[in-house]
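The next block holds one structure in the form of C-alpha coordinates; read it before the comments.
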Amino acid sequence: MKSLQFSVPADTSKSIRIQEDIMPNFYPHFHRHTEVQIMWIIEGHGTLAIEQNLFAFEAGDIFYIGANQSHVFKGGFNKGEKQKVHAVSIFFDPHKKLSPIFNLPEFEELKHFMDHSEVGFQIASEVKAEISISINELKKSKGIDQILSFIKILTHLMQNRNLHIPLSAEKNMPVEISNYDQRIIDAQNYIRKNFAQNKLTLDRIAKEACMTPQAFCRSFKKRTGITYIEFLNELRVQRACKLLTSSTMYNISSVAFNSGFTSLTNFNRVFKSIMKYSPKEYLKRYKDTILD
(Lines give C-alpha, C1' and ligand atoms only; values in the text may rest on other atoms or scores of the structure.)
Protein backbone atom coordinates (compact mmCIF):
# COMPACT_ATOMS: atom_id res chain seq x y z
CA MET A 1 0.00 0.00 0.00
CA LYS A 2 1.33 3.46 -0.91
CA SER A 3 1.73 6.09 1.77
CA LEU A 4 1.46 9.85 1.56
CA GLN A 5 4.54 12.02 2.01
CA PHE A 6 3.54 14.32 4.87
CA SER A 7 5.24 17.64 5.59
CA VAL A 8 5.47 18.48 9.28
CA PRO A 9 4.81 22.25 9.68
CA ALA A 10 8.18 23.96 10.07
CA ASP A 11 9.13 26.36 12.85
CA THR A 12 12.26 28.26 11.88
CA SER A 13 12.76 29.46 15.47
CA LYS A 14 13.06 25.97 16.97
CA SER A 15 15.09 22.79 16.44
CA ILE A 16 12.29 20.46 17.51
CA ARG A 17 8.53 20.65 17.09
CA ILE A 18 6.16 19.77 19.91
CA GLN A 19 2.59 19.20 18.79
CA GLU A 20 -0.37 18.50 21.06
CA ASP A 21 -3.55 17.18 19.45
CA ILE A 22 -6.98 16.96 21.07
CA MET A 23 -9.50 15.87 18.47
CA PRO A 24 -12.15 13.24 17.64
CA ASN A 25 -9.78 11.01 15.63
CA PHE A 26 -6.14 10.48 14.72
CA TYR A 27 -4.76 11.73 11.38
CA PRO A 28 -6.49 9.22 9.09
CA HIS A 29 -4.01 8.71 6.22
CA PHE A 30 -1.21 6.16 5.87
CA HIS A 31 1.74 8.53 5.70
CA ARG A 32 5.44 9.13 6.30
CA HIS A 33 7.64 12.13 7.06
CA THR A 34 11.36 12.84 7.10
CA GLU A 35 11.33 13.65 10.82
CA VAL A 36 11.59 11.16 13.66
CA GLN A 37 8.42 11.21 15.78
CA ILE A 38 8.00 10.37 19.46
CA MET A 39 4.26 10.06 20.10
CA TRP A 40 2.65 9.78 23.52
CA ILE A 41 -0.98 8.59 23.48
CA ILE A 42 -2.62 10.32 26.45
CA GLU A 43 -6.15 9.35 25.50
CA GLY A 44 -7.33 6.93 22.83
CA HIS A 45 -6.86 3.31 21.82
CA GLY A 46 -6.78 1.29 18.63
CA THR A 47 -4.30 -0.09 16.11
CA LEU A 48 -1.02 1.27 14.76
CA ALA A 49 -0.13 0.12 11.25
CA ILE A 50 3.57 0.77 10.61
CA GLU A 51 5.09 -0.52 7.40
CA GLN A 52 3.56 -4.03 7.25
CA ASN A 53 3.18 -4.48 11.02
CA LEU A 54 0.17 -4.05 13.29
CA PHE A 55 0.34 -3.06 16.96
CA ALA A 56 -2.52 -2.56 19.38
CA PHE A 57 -2.14 0.58 21.49
CA GLU A 58 -3.92 2.11 24.47
CA ALA A 59 -3.78 5.27 26.54
CA GLY A 60 -0.33 5.78 28.04
CA ASP A 61 1.60 4.07 25.24
CA ILE A 62 4.55 5.88 23.66
CA PHE A 63 6.04 5.15 20.23
CA TYR A 64 9.34 6.14 18.62
CA ILE A 65 8.70 6.23 14.84
CA GLY A 66 11.73 6.36 12.57
CA ALA A 67 12.18 8.83 9.73
CA ASN A 68 10.16 7.89 6.62
CA GLN A 69 8.41 4.96 8.30
CA SER A 70 4.95 4.69 6.77
CA HIS A 71 2.35 4.56 9.52
CA VAL A 72 -1.15 5.44 10.66
CA PHE A 73 -2.90 5.35 14.03
CA LYS A 74 -6.53 4.27 13.88
CA GLY A 75 -8.82 4.57 16.87
CA GLY A 76 -10.70 1.46 17.90
CA PHE A 77 -13.80 3.09 19.32
CA ASN A 78 -16.81 0.88 19.98
CA LYS A 79 -20.32 1.83 18.95
CA GLY A 80 -21.68 4.40 21.35
CA GLU A 81 -18.24 5.15 22.82
CA LYS A 82 -17.28 8.83 22.85
CA GLN A 83 -14.51 9.41 20.33
CA LYS A 84 -11.65 11.49 21.65
CA VAL A 85 -7.94 11.49 20.93
CA HIS A 86 -5.33 13.29 23.01
CA ALA A 87 -1.69 12.91 21.98
CA VAL A 88 1.59 14.76 22.19
CA SER A 89 4.22 14.37 19.47
CA ILE A 90 7.85 15.43 19.30
CA PHE A 91 9.17 15.84 15.76
CA PHE A 92 12.88 16.23 15.06
CA ASP A 93 15.46 15.64 12.36
CA PRO A 94 18.90 14.75 13.81
CA HIS A 95 20.52 15.47 10.43
CA LYS A 96 19.45 19.11 10.13
CA LYS A 97 19.40 21.79 12.85
CA LEU A 98 20.36 19.31 15.58
CA SER A 99 23.25 17.84 13.60
CA PRO A 100 26.00 19.97 15.27
CA ILE A 101 24.90 18.70 18.69
CA PHE A 102 24.76 15.02 17.77
CA ASN A 103 28.13 15.26 16.01
CA LEU A 104 29.86 16.24 19.25
CA PRO A 105 32.15 13.46 20.60
CA GLU A 106 30.13 13.34 23.83
CA PHE A 107 27.00 12.46 21.86
CA GLU A 108 28.53 9.58 19.90
CA GLU A 109 26.66 6.88 21.83
CA LEU A 110 23.35 8.73 21.54
CA LYS A 111 23.85 9.27 17.81
CA HIS A 112 24.63 5.58 17.38
CA PHE A 113 21.41 4.72 19.26
CA MET A 114 19.32 6.87 16.93
CA ASP A 115 21.07 5.57 13.82
CA HIS A 116 20.13 2.04 14.91
CA SER A 117 16.55 2.94 15.80
CA GLU A 118 15.38 3.50 12.23
CA VAL A 119 12.82 0.67 12.48
CA GLY A 120 11.24 2.44 15.46
CA PHE A 121 10.08 0.95 18.73
CA GLN A 122 7.30 0.97 21.30
CA ILE A 123 8.69 2.35 24.53
CA ALA A 124 8.94 -0.23 27.30
CA SER A 125 6.15 -0.24 29.87
CA GLU A 126 8.77 -0.03 32.63
CA VAL A 127 9.76 3.50 31.60
CA LYS A 128 6.50 4.91 30.16
CA ALA A 129 5.61 6.82 33.34
CA GLU A 130 9.01 8.52 33.56
CA ILE A 131 9.08 9.38 29.85
CA SER A 132 5.58 10.86 30.00
CA ILE A 133 6.64 13.09 32.91
CA SER A 134 9.66 14.21 30.88
CA ILE A 135 7.46 14.98 27.87
CA ASN A 136 5.25 17.15 30.08
CA GLU A 137 8.36 18.98 31.28
CA LEU A 138 9.47 19.41 27.67
CA LYS A 139 6.12 20.99 26.74
CA LYS A 140 6.48 23.61 29.48
CA SER A 141 10.14 24.46 28.88
CA LYS A 142 11.61 26.97 26.45
CA GLY A 143 14.93 27.80 24.85
CA ILE A 144 17.98 25.95 26.15
CA ASP A 145 15.90 24.24 28.86
CA GLN A 146 13.74 22.68 26.16
CA ILE A 147 16.75 21.24 24.33
CA LEU A 148 18.13 19.89 27.62
CA SER A 149 14.78 18.24 28.39
CA PHE A 150 14.72 16.75 24.91
CA ILE A 151 18.24 15.31 25.28
CA LYS A 152 17.18 13.90 28.67
CA ILE A 153 14.33 12.01 27.00
CA LEU A 154 16.56 10.57 24.29
CA THR A 155 19.20 9.57 26.85
CA HIS A 156 16.60 7.79 28.96
CA LEU A 157 15.35 5.91 25.89
CA MET A 158 18.93 4.96 25.00
CA GLN A 159 19.70 3.68 28.50
CA ASN A 160 16.68 1.37 28.33
CA ARG A 161 17.07 0.33 24.68
CA ASN A 162 17.11 -3.40 25.47
CA LEU A 163 13.60 -3.15 26.97
CA HIS A 164 11.81 -1.48 24.05
CA ILE A 165 9.67 -3.41 21.56
CA PRO A 166 10.95 -3.04 17.94
CA LEU A 167 8.38 -2.01 15.35
CA SER A 168 10.02 -4.47 12.98
CA ALA A 169 10.48 -8.19 13.49
CA GLU A 170 14.15 -8.13 12.54
CA LYS A 171 16.60 -7.77 15.44
CA ASN A 172 19.52 -5.35 15.32
CA MET A 173 23.02 -6.66 15.97
CA PRO A 174 25.43 -4.98 18.41
CA VAL A 175 28.32 -3.08 16.87
CA GLU A 176 31.21 -4.49 18.89
CA ILE A 177 32.01 -7.98 17.65
CA SER A 178 34.75 -10.54 18.02
CA ASN A 179 36.15 -12.66 15.19
CA TYR A 180 34.03 -15.54 16.47
CA ASP A 181 30.91 -13.38 16.44
CA GLN A 182 31.69 -12.34 12.88
CA ARG A 183 30.94 -15.87 11.72
CA ILE A 184 27.44 -15.59 13.19
CA ILE A 185 26.94 -12.20 11.54
CA ASP A 186 28.10 -13.62 8.19
CA ALA A 187 25.62 -16.45 8.59
CA GLN A 188 22.88 -14.00 9.51
CA ASN A 189 23.60 -11.96 6.37
CA TYR A 190 23.53 -15.18 4.35
CA ILE A 191 20.08 -15.96 5.79
CA ARG A 192 18.87 -12.45 4.91
CA LYS A 193 19.94 -12.95 1.28
CA ASN A 194 18.57 -16.47 0.91
CA PHE A 195 15.62 -16.80 3.30
CA ALA A 196 13.06 -16.99 0.47
CA GLN A 197 14.66 -20.18 -0.89
CA ASN A 198 12.58 -23.21 0.01
CA LYS A 199 15.65 -25.43 0.17
CA LEU A 200 17.62 -23.33 2.67
CA THR A 201 18.79 -25.81 5.32
CA LEU A 202 20.57 -25.69 8.67
CA ASP A 203 23.52 -27.56 7.15
CA ARG A 204 23.96 -24.89 4.46
CA ILE A 205 23.73 -22.05 6.98
CA ALA A 206 26.14 -23.70 9.43
CA LYS A 207 28.58 -24.36 6.60
CA GLU A 208 28.50 -20.64 5.77
CA ALA A 209 29.58 -19.97 9.37
CA CYS A 210 32.26 -22.71 9.17
CA MET A 211 30.67 -24.48 12.13
CA THR A 212 28.87 -27.71 12.85
CA PRO A 213 25.06 -27.41 12.93
CA GLN A 214 24.98 -28.03 16.69
CA ALA A 215 27.66 -25.42 17.45
CA PHE A 216 26.02 -22.93 15.11
CA CYS A 217 22.61 -23.28 16.80
CA ARG A 218 24.12 -22.73 20.25
CA SER A 219 26.21 -19.76 19.11
CA PHE A 220 23.40 -18.10 17.16
CA LYS A 221 21.04 -18.21 20.14
CA LYS A 222 23.74 -16.89 22.49
CA ARG A 223 24.72 -14.11 20.08
CA THR A 224 21.25 -12.89 19.01
CA GLY A 225 18.90 -13.97 21.80
CA ILE A 226 16.73 -15.97 19.40
CA THR A 227 17.14 -19.27 17.56
CA TYR A 228 18.17 -19.28 13.92
CA ILE A 229 14.78 -20.72 12.94
CA GLU A 230 13.00 -17.87 14.76
CA PHE A 231 15.13 -15.38 12.85
CA LEU A 232 14.47 -17.18 9.57
CA ASN A 233 10.72 -17.34 10.20
CA GLU A 234 10.56 -13.64 11.10
CA LEU A 235 12.22 -12.71 7.81
CA ARG A 236 9.86 -14.97 5.87
CA VAL A 237 6.76 -13.63 7.60
CA GLN A 238 7.88 -10.04 6.98
CA ARG A 239 8.21 -10.86 3.28
CA ALA A 240 4.79 -12.51 3.35
CA CYS A 241 3.31 -9.35 4.86
CA LYS A 242 4.85 -7.25 2.09
CA LEU A 243 3.45 -9.56 -0.58
CA LEU A 244 0.00 -9.65 1.02
CA THR A 245 -0.20 -5.86 1.23
CA SER A 246 1.34 -5.09 -2.15
CA SER A 247 -0.76 -3.90 -5.07
CA THR A 248 -0.02 -7.15 -6.92
CA MET A 249 -2.63 -9.83 -6.38
CA TYR A 250 -1.22 -12.82 -4.51
CA ASN A 251 -3.18 -15.75 -3.17
CA ILE A 252 -2.20 -17.23 0.20
CA SER A 253 -0.48 -20.27 -1.32
CA SER A 254 1.60 -18.12 -3.66
CA VAL A 255 2.61 -15.83 -0.79
CA ALA A 256 3.68 -18.81 1.30
CA PHE A 257 5.79 -20.34 -1.49
CA ASN A 258 7.41 -17.02 -2.45
CA SER A 259 8.33 -16.38 1.18
CA GLY A 260 10.25 -19.64 1.57
CA PHE A 261 7.59 -21.92 3.07
CA THR A 262 6.99 -25.36 1.58
CA SER A 263 3.80 -26.11 3.50
CA LEU A 264 0.67 -23.95 3.61
CA THR A 265 -0.23 -25.44 7.00
CA ASN A 266 3.18 -24.54 8.41
CA PHE A 267 2.97 -21.06 6.87
CA ASN A 268 -0.40 -20.37 8.51
CA ARG A 269 0.86 -21.64 11.87
CA VAL A 270 4.13 -19.64 11.80
CA PHE A 271 2.42 -16.50 10.47
CA LYS A 272 -0.15 -16.53 13.27
CA SER A 273 2.48 -17.19 15.94
CA ILE A 274 4.40 -14.05 14.86
CA MET A 275 1.66 -11.67 13.68
CA LYS A 276 -1.06 -12.86 16.12
CA TYR A 277 -3.50 -13.22 13.22
CA SER A 278 -3.94 -15.68 10.38
CA PRO A 279 -2.87 -14.33 6.95
CA LYS A 280 -6.50 -13.62 6.00
CA GLU A 281 -7.27 -11.94 9.35
CA TYR A 282 -4.08 -9.90 9.14
CA LEU A 283 -4.83 -8.61 5.64
CA LYS A 284 -8.38 -7.61 6.61
CA ARG A 285 -7.20 -5.80 9.76
CA TYR A 286 -4.38 -4.12 7.87
CA LYS A 287 -6.70 -2.80 5.16
CA ASP A 288 -9.29 -1.71 7.74
CA THR A 289 -6.55 0.24 9.54
CA ILE A 290 -4.86 2.09 6.68
CA LEU A 291 -7.87 2.73 4.47
CA ASP A 292 -10.23 5.62 5.22
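The values are calculated or read from the model by the stated rules, or taken from the named source; none is laboratory data. Source: prediction; values computed, not measured. Ideal geometry is used to build each Cβ from the backbone, glycine not excepted, and the neighbour counts take in all protein chains shown.
Listed here are the residues, each with its yes/no results for (1) among the hydrophobic types (A, V, I, L, M, F, W, C); (2) in contact (Cβ under 8 Å) with a residue 12 or more places away in the chain; (3) in contact with a Pro (Cβ under 9 Å, 6 or more places away or on another chain).
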residue: Glu108; (1), (2), (3): no, no, no
residue: His112; (1), (2), (3): no, yes, no
residue: Asp115; (1), (2), (3): no, no, yes
residue: Val119; (1), (2), (3): yes, yes, yes
residue: Gln122; (1), (2), (3): no, yes, yes
residue: Lys128; (1), (2), (3): no, yes, no
residue: Ile131; (1), (2), (3): yes, yes, no
residue: Glu137; (1), (2), (3): no, yes, no
residue: Gly143; (1), (2), (3): no, no, no
- Can you find even one residue in segment 86-96 that is in contact with a Ser or Thr (Cβ under 8 Å, 6 or more places away or on another chain), in a strand (DSSP E or B) and not basic (Lys, Arg)? yes
- Note on the structure: Of the listed residues (Glu81, Glu118), the one being part of a loop (DSSP other than H, G, I, E, B) and either farther than 30 Å from Ser246 by Cβ or aromatic (Phe, Trp, Tyr) (or both) is Glu81
- Of the residues that make up segment 205-226, is at least one closer than 26 Å to Pro279 by Cα, outside any helix (DSSP H, G or I) and either without any contact (Cβ under 8 Å) to a residue 24 or more places away in the chain or small (Gly, Ala, Ser) (or both)? no
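The rows are residues; the columns are (1) at pLDDT below 90; (2) farther than 23 Å from Ser3 by Cα; (3) not assigned by TED's automatic domain parsing to the domain that holds Phe73.
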{"position": "Thr201", "(1), (2), (3)": "no, yes, yes"}
{"position": "Thr212", "(1), (2), (3)": "no, yes, yes"}
{"position": "Gly225", "(1), (2), (3)": "yes, yes, yes"}
{"position": "Val237", "(1), (2), (3)": "no, no, yes"}
{"position": "Leu243", "(1), (2), (3)": "no, no, yes"}
{"position": "Leu264", "(1), (2), (3)": "no, yes, yes"}
{"position": "Asn268", "(1), (2), (3)": "no, yes, yes"}
{"position": "Ser273", "(1), (2), (3)": "no, yes, yes"}
{"position": "Tyr282", "(1), (2), (3)": "no, no, yes"}
- Note on the structure: Among (1) in contact with a strand residue (DSSP E or B) (Cβ under 6 Å, 6 or more places away or on another chain); (2) surrounded by fewer than 19 Cβ atoms within 10 Å (Cβ to Cβ), Pro9 falls short only on (1)
- Go through segment 232-284 and give me each residue that's in a helix (DSSP H, G or I), within 18 Å of the chain's Cα centre (by Cα) and over 25 Å from Asn189 (Cβ atoms). Thr245, Tyr282
- Message: Let me spell it out: the conditions are (1) surrounded by fewer than 17 Cβ atoms within 10 Å (Cβ to Cβ); (2) touching a helix residue (DSSP H, G or I) at 6+ places or on another chain (Cβ under 6 Å); (3) among the β-branched types (Val, Ile, Thr), and Ile133 meets all of them except one. Which number is the exception?
- Response: (2)
- Message: Anything in segment 12-45 that is in contact with a strand residue (DSSP E or B) (Cβ under 7 Å, 6 or more places away or on another chain), charged (D, E, K, R) and not in a strand (DSSP E or B)? List them, or say none.
- Response: Glu35
- Item | Residue list for segment 251-270, restricted to those being surrounded by fewer than 16 Cβ atoms within 10 Å (Cβ to Cβ) and either among the aromatic types (Phe, Trp, Tyr) or more than 20 Å from Thr201 (Cα to Cα) (or both) | Asn251, Ser253, Ser254
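Filter segment 47-92 down to the residues that are of a type in the set (D, E, K, R) and on the phi < 0 side of the Ramachandran plot and list them by number. Give the steps one after another, and end with the answer.
At the first step, the residues of segment 47-92 found to be of a type in the set (D, E, K, R) are 51, 58, 61, 74, 79, 81-82, 84.
Within segment 47-92, Glu58, Asp61, Lys74, Lys79, Glu81, Lys82, Lys84 qualify.
Quick grid of which residues meet (1) of a type outside the set (A, V, I, L, M); (2) in contact (Cβ under 8 Å) with a residue 60 or more places away in the chain:
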{"position": "Gln5", "(1), (2)": "yes, no"}
{"position": "Pro24", "(1), (2)": "yes, yes"}
{"position": "His29", "(1), (2)": "yes, yes"}
{"position": "Glu35", "(1), (2)": "yes, no"}
{"position": "Met39", "(1), (2)": "no, no"}
{"position": "Ala49", "(1), (2)": "no, yes"}
{"position": "Gln52", "(1), (2)": "yes, yes"}
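Go through segment 77-92 and give me each residue that's modelled with pLDDT of 95 or more and surrounded by 17 or more Cβ atoms within 10 Å (Cβ to Cβ).
So the first thing to find is which residues in segment 77-92 are modelled with pLDDT of 95 or more, and the list is 86-92.
Answer for segment 77-92, where residues must be modelled with pLDDT of 95 or more and surrounded by 17 or more Cβ atoms within 10 Å (Cβ to Cβ): Ala87, Val88, Ser89, Ile90, Phe91, Phe92.
Yes/no matrix, rows are residues, columns are (1) modelled with pLDDT of 95 or more; (2) within 24 Å of Asp288 (Cα to Cα):
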{"residue": "Ile62", "(1), (2)": "yes, yes"}
{"residue": "Gly75", "(1), (2)": "no, yes"}
{"residue": "Asp115", "(1), (2)": "no, no"}
{"residue": "Ile131", "(1), (2)": "yes, no"}
{"residue": "Ile135", "(1), (2)": "yes, no"}
{"residue": "Met158", "(1), (2)": "yes, no"}
{"residue": "His164", "(1), (2)": "no, no"}
- Query: Assuming Gln122 fulfils every condition listed in (1) in contact with an Asp or Glu (Cβ under 7 Å, 6 or more places away or on another chain); (2) exposed (fewer than 13 other Cβ atoms within 10 Å of the Cβ) apart from one, which condition is it?
  - Reply: (2)
